[in-house]
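The values are calculated or read from the model by the stated rules, or taken from the named source; none is laboratory data. The model shown is predicted, which means the values in this text are computed figures rather than measured ones. Cβ coordinates were reconstructed from backbone atoms using ideal geometry, including for glycine residues, and neighbour counts include every protein chain displayed. Just so you know, the surface numbers come from the protein's heavy atoms only, side chains and all, with ligands and any DNA or RNA stripped out. Shrake-Rupley method; radii C 1.70, N 1.55, O 1.52, S 1.80 Å.
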Amino acid sequence: MRGAVLHGPGDVRVEDRADPRIVQPTDAIIRVTAACVCGSDLWPYRGIDQGDGPAPMGHEYVGVVEQTGDQVETIKVGDFVVGSFFASDNTCEICRAGYQSRCVHAELMGAIGTQAEYARIPLADGTLVATPGQPDAGLVPSLLTASDVLGTGWFGAVAAEAGPGRTVAVVGDGAVGLLGVLAARQLGAEHIAVFSRHADRQELAVEFGATDIISERGDQGVAQLKELTGGLGAHSVIEAVGTQESMMQAICSTRPGGHVGYVGVSHDVALPGEELFFSAVHLHGGPAPVRRFLPELIDLIWDRKIDPGRVFDLDLPLEEAAEGYRAMDERRAIKTLLRP
């Protein structure tokens, strides 16, 4: 089969990879209908995350089940499925508490690489959720977002306790931040401010439900947010970047007693103890337990109550994956959809 492989910083190639096969009786093989490039894929692409040689790429996917292991019971051949970027059994004590991304048997789908024609899905019963039927082509991009970026934005909003009567701020205008806006609106927030300097992303944020755009960062951005909130700060802040600057901007933007939901993949973030102590804010986040939210998100998409697929502004065949990475790296695209 064909699949995207990262050979080094800036060097993505689509090449022949071994066809996946059933390894464990709990596995499934899917024919990938659509995959995409994640913002977190850019960390190794830019050389910030160091690899040990060629690595398959991709962890977001939807597709059709081609084969199942002997112990797979809830998924059958022919089902159209959405799966999380972490495989999980969905039965262990951690999963039952709603944190499937930290399942005691969790497997990171990025190590398998789903920017490919086919993929092996471990723990298929606990990882995959079938849609009510075969989706039309227009629903596929939105269903694909549920695999990670929508579920991650949704977890950011839930962790920040976004809801009615709360002012929400979103740090980061990438796909996760934009879908955090959508999630906050869906959860009932009436006032949603997003920090963004890019006109195309600002426009989409407003369409998803943002009420205010703040173009400044750091202390100036925090000052503008506090002006909007009577000097108090937001009740709920979604941190969707993962840098020291973005985390501190999120904490400083939160009023005492408020909540920060951090879902940006952390890189060299260190929290100053005294500042955190006197901020009196709640911090909750980490790798999103996408599987917890998949049934609800699939239903919302299937019933056309939300349209998160609009974050894809570049649609390419898999063979042009390298251009998809370049476009996102150069901020010419918010998010690239790849079609095997």
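Couple of notes before you dig in:
- Against the criterion of being out of contact with any Asp or Glu (no Cβ under 6 Å at 6 or more places or on another chain) and touching a residue at least 12 places away in the same chain (Cβ under 8 Å), PRO20 qualifies.
- Taking the criterion of being open to solvent by 40 Å² or more (accessible area, probe 1.4 Å), farther than 21 Å from ARG339 by Cβ and more than 17 Å from the chain's Cα centre (by Cα), the only residue of region 107-129 that qualifies is ASP125.
- Number of the condition not met by TRP302 [criteria: (1) touching a residue at least 60 places away in the same chain (Cβ under 8 Å); (2) out of contact with any Ser or Thr (no Cβ under 9 Å at 6 or more places or on another chain); (3) surrounded by fewer than 20 Cβ atoms within 10 Å (Cβ to Cβ)]: (2)
- Complete set of residues in region 169-209 that are free of Cβ contacts under 8 Å to residues at least 24 places away in the same chain and surrounded by fewer than 24 Cβ atoms within 10 Å (Cβ to Cβ): ALA199, GLU203, VAL206
- Filtering region 30-40 to residues that are open to solvent by 10 Å² or more (accessible area, probe 1.4 Å) and not in a loop (DSSP other than H, G, I, E, B) leaves ARG31, THR33, GLY39, SER40.
- Any hit, region 78-86, residues being under 18 Å from the mean Cα position of the chain (by Cα), surrounded by 24 or more Cβ atoms within 10 Å (Cβ to Cβ), farther than 17 Å from GLY286 by Cα and small (Gly, Ala, Ser): yes
- Subset of region 210-242 that is open to solvent by 10 Å² or more (accessible area, probe 1.4 Å) and in a strand (DSSP E or B) - its residue that is nearest to GLY174 (Cα to Cα): ILE213
- If you go through region 295-316 and keep only what is under 11 Å from PRO141 (Cα atoms) and in a loop (DSSP other than H, G, I, E, B), you end up with ASP307, PHE312, ASP313.
- Checked against (1) closer than 21 Å to ASP313 by Cβ; (2) open to solvent by less than 20 Å² (accessible area, probe 1.4 Å), GLY3 meets all criteria but (1).
- The set of residues in region 322-340 that are open to solvent by 50 Å² or more (accessible area, probe 1.4 Å), in a helix (DSSP H, G or I) and more than 24 Å from TYR118 (Cα to Cα) contains only ASP329.
- Residues considered: GLU319, GLU274. Of these, the only one that is surrounded by fewer than 21 Cβ atoms within 10 Å (Cβ to Cβ) and either in contact (Cβ under 8 Å) with a residue 12 or more places away in the chain or assigned to a strand (DSSP E or B) (or both) is GLU319.
- Complete set of residues in region 45-71 that are over 18 Å from the mean Cα position of the chain (by Cα) and buried (at least 22 other Cβ atoms within 10 Å of the Cβ): THR68
- For region 97-106, the set of residues classified as surrounded by 21 or more Cβ atoms within 10 Å (Cβ to Cβ) and assigned to a helix (DSSP H, G or I) consists of GLN100, SER101, listed by residue number.
- On the stretch given as region 10-29, residues that are in a strand (DSSP E or B) and touching a Lys or Arg at 6+ places or on another chain (Cβ under 8 Å) total 5.
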